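Just below is one structure, and these are the notes that go with it.
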Amino acid sequence: MKNNSEDLDNPEHERLSTKELTLNLGPQHPATHGVLRLVLDLEGETVVKCTPYIGYLHRGVEKLAEHRNYLQILPLTDRLDYISSMSNNIGYCVALEKLFAIEVPERTQFIRTIVAEMSRIANHLLWLATHALDIGAMTVFLYCFREREKIMDLFERLCGARLTVSYPRIGGLKNDVDPQWLEDLYKFTDEFPMRVEQYETLIDKNRIWLRRTKGVGIISAEDAINWGMSGPALRGSGVPYDVRKAMPYGAYDKVKWEVPTGKNGDVYDRYRVRMEEFRQSNSIIRQCMEKLPEGPIMADAPKFTLPAKDKVLSDMEHLIHHFILITKGPQTAPEGEIYVATEVPKGELGFYFISDGTGRPYRMRIRAPSFVHVATLPKLCEGELIADVIANIGSIDIVLGECDR
Amino acid sequence: MTVNEFVKKILFIEILKGLALTFKHMVTPAITRQYPAERREPVPGSRGLHALVRNPLTGKEKCVGCGLCAAMCPSQCIHIYTSEGDDHKKVVDRYEIEVLRCVFCALCVEACPYGAVALTEHFEYSGYTREEFYYTKERLLENWDKYMAGAKGEEYFEKFWRPKSVDFATAAQAVQAKERAGQ
């Protein structure tokens, strides 16, 4: 190319030099946490426009659910937010128990609260690990996975699977916890607050971390509500809304805990909220273990829960219930619609069912927090630098399995 | 910025604290496992490869071919073909599991009224073709002999066959005793 004054005066050259750059980020970018694709219009290093494209992980969970009976859908919910599948399972079961009007035993409520908080810790550990890795802190990644591994091991001992747990059942649980398991969990909760302090030593005051997170991706409380944000992303903006407090389920109203909130609504505040949630979850687990009542773990609802195995073999009615429940699903499901929300680590997970009285849902709609949070990305990223896009994606904690369903 | 903060900033106090922590971890024992060489003890009840239970009394499968596991399976990977045998009894001709489609939820174990299907703790298996993951009845029975033979298999259903009632152990023993008397 010739480089002389004649070329610079050329109007063609001028047109080219002021053009915006369109950058395609993802879907196979490691920092997009799954298969999120963002198309960024850049002016220099500033993001002018950010357009998220989703759907790369669409498996049609909602449609699949229409062809399965209520008992079979449970493993599908594992695969929504695969980082904290326990919370999804519980959300599904809580919603159906409300629809079927099943009274769940108290011991089950407490155990569910324990495992849900364990999955919250596991989720936030993975979030912290990847978020720190995106921003450039490698050490935190390794430390977080060390603790996450312990929770995964506890899950495996509890129900036989590490990630896709399928542990709760409609009206109860797959199995009871054993004392040795509780003891080991107690040891973990003893040690865990010290570990949280270690992560904070590494990044909380680190000047690089502060420069990358403070004042980045600010969203005001009003905007956060208007965009439908929930969970730590909303609480980071200073709105003390938590489904566990607002509409308590499980044993959340029987233990003492606080809702941590941020102030500025930037990436740093969302990070602080999650770090506080580590401590709150830990304390909830401790309190639930101390208060854990004795009793049965399955509700007395033979039309909706599988009968005990020994009774199946010795009792006519139980055998009939067993066959009907498995082949056709609960036959006495009440007709109607229901929406029940639970607080999963990422925000408000809602299950909306339309039941037509058969053993299958006529429609199952999932209100996934990640889906809503992906929609806020343009709001967070536009006008900021391209490096901040990565920090923003990390701070709203999205999983595309849940977003695309 | 106060003097204190300024001194901390120019001396890199927070970074030195972080480095001290990482250096402390250098001398603590490693928690990573050198996988193929070092293996973890399998967790009892871990949901791995399938097996069909061999009845120690008859030497054949316990399965009666009721098809509840196939009905319960969310990924529909169990196929059962039955026919009428001697004395109009149901005979299980083929019992096949497509392992590649399985999601390892163990709902089949829960659905089986006889305790005839199990998930073993074995999870390290591989193959070059899809056919290798199409487990026939014979191969599934072999799995039972390989991974669950003896006391382990007996224990499996006492521990992991759910849901159960409060007096499950005694009730199950009574059922077993009745079965033995019948044989």
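The values are calculated or read from the model by the stated rules, or taken from the named source; none is laboratory data. Because the structure is a prediction, the values reported are computed rather than measured. Cβ: placed from backbone, ideal geometry, glycine included. Neighbour counts: every protein chain shown. Ligands, DNA and RNA are excluded from the accessible area calculation, which covers all protein heavy atoms including side chains. Shrake-Rupley method; radii C 1.70, N 1.55, O 1.52, S 1.80 Å.
Does residue A:99 fit the bill of being over 18 Å from residue A:154 (Cβ atoms) and either touching a residue at least 40 places away in the same chain (Cβ under 8 Å) or open to solvent by 10 Å² or more (accessible area, probe 1.4 Å) (or both)? So residue A:99 fits the description; yes. Residues in the range A:261-288 that are open to solvent by 40 Å² or more (accessible area, probe 1.4 Å) and in a loop (DSSP other than H, G, I, E, B): A:261, A:263, A:264. Residues that are away from chain A (no Cβ under 14 Å), among the β-branched types (Val, Ile, Thr), closer than 30 Å to residue A:66 by Cβ and open to solvent by less than 50 Å² (accessible area, probe 1.4 Å) within the range B:68-101 comprise B:97, B:99, listed in sequence order.
Against the criterion of being of a type in the set (Phe, Trp, Tyr), within 28 Å of residue A:354 (Cβ to Cβ) and not in a loop (DSSP other than H, G, I, E, B), residue A:92 qualifies. The set of residues in the range B:75-107 being closer than 26 Å to residue B:151 by Cα and free of Cβ contacts under 8 Å to residues at least 40 places away in the same chain consists of B:107 alone. Assess whether residue B:17 counts as being without any contact (Cβ under 8 Å) to a residue 12 or more places away in the chain, among the basic types (Lys, Arg), open to solvent by 60 Å² or more (accessible area, probe 1.4 Å) and at the interface with another protein chain (Cβ under 9 Å from one of its Cβ atoms). Answer is yes for this residue. Screening the range A:156-260 for helices (runs of 4 or more DSSP H) wholly inside it with 2 or more residues that are within 14 Å of another protein chain (Cβ to nearest Cβ) returns the ranges A:179-203, A:207-213.
Within the range A:183-201, is even one residue touching a helix residue (DSSP H, G or I) at 6+ places or on another chain (Cβ under 6 Å), open to solvent by 10 Å² or more (accessible area, probe 1.4 Å) and of a type in the set (A, V, I, L, M)? No, the range A:183-201 contains no residue that is touching a helix residue (DSSP H, G or I) at 6+ places or on another chain (Cβ under 6 Å), open to solvent by 10 Å² or more (accessible area, probe 1.4 Å) and of a type in the set (A, V, I, L, M). Restricting A:319, A:349, A:306, A:325 to residues that are open to solvent by 50 Å² or more (accessible area, probe 1.4 Å) and either closer than 25 Å to residue A:106 by Cβ or within 10 Å of another protein chain (Cβ to nearest Cβ) (or both) narrows the list to A:319. A residue that is open to solvent by 20 Å² or more (accessible area, probe 1.4 Å) and either farther than 20 Å from residue B:139 by Cα or not small (Gly, Ala, Ser) (or both) cannot be found anywhere in the range B:106-113. Filtering A:188, A:141, A:192, A:155 for residues that are among the aromatic types (Phe, Trp, Tyr) and under 19 Å from residue A:346 (Cβ atoms) leaves a single hit, A:155.
Contact map, the range A:370-391: residues that are in a loop (DSSP other than H, G, I, E, B) paired with residues that are among the aromatic types (Phe, Trp, Tyr) and open to solvent by 30 Å² or more (accessible area, probe 1.4 Å), Cβ distance under 6 Å, separation 6+ or inter-chain. Pairs shown: A:376/A:227. Among the residues examined, residue A:241 does not qualify as open to solvent by less than 30 Å² (accessible area, probe 1.4 Å) and of a type in the set (Phe, Trp, Tyr).
Is it the case, given these coordinates, that residue A:112 is modelled with pLDDT of 85 or more, farther than 29 Å from residue A:380 by Cα and of a type in the set (Lys, Arg)? Yes; evaluated as a whole, the condition is true for this residue. Assess whether residue A:87 counts as being assigned to a helix (DSSP H, G or I) and hydroxyl-bearing (Ser, Thr, Tyr). Yes; evaluated as a whole, the condition is true for this residue. Here residue A:163 clears all of (1) farther than 23 Å from residue A:251 by Cβ; (2) surrounded by 24 or more Cβ atoms within 10 Å (Cβ to Cβ) except the condition numbered (2).
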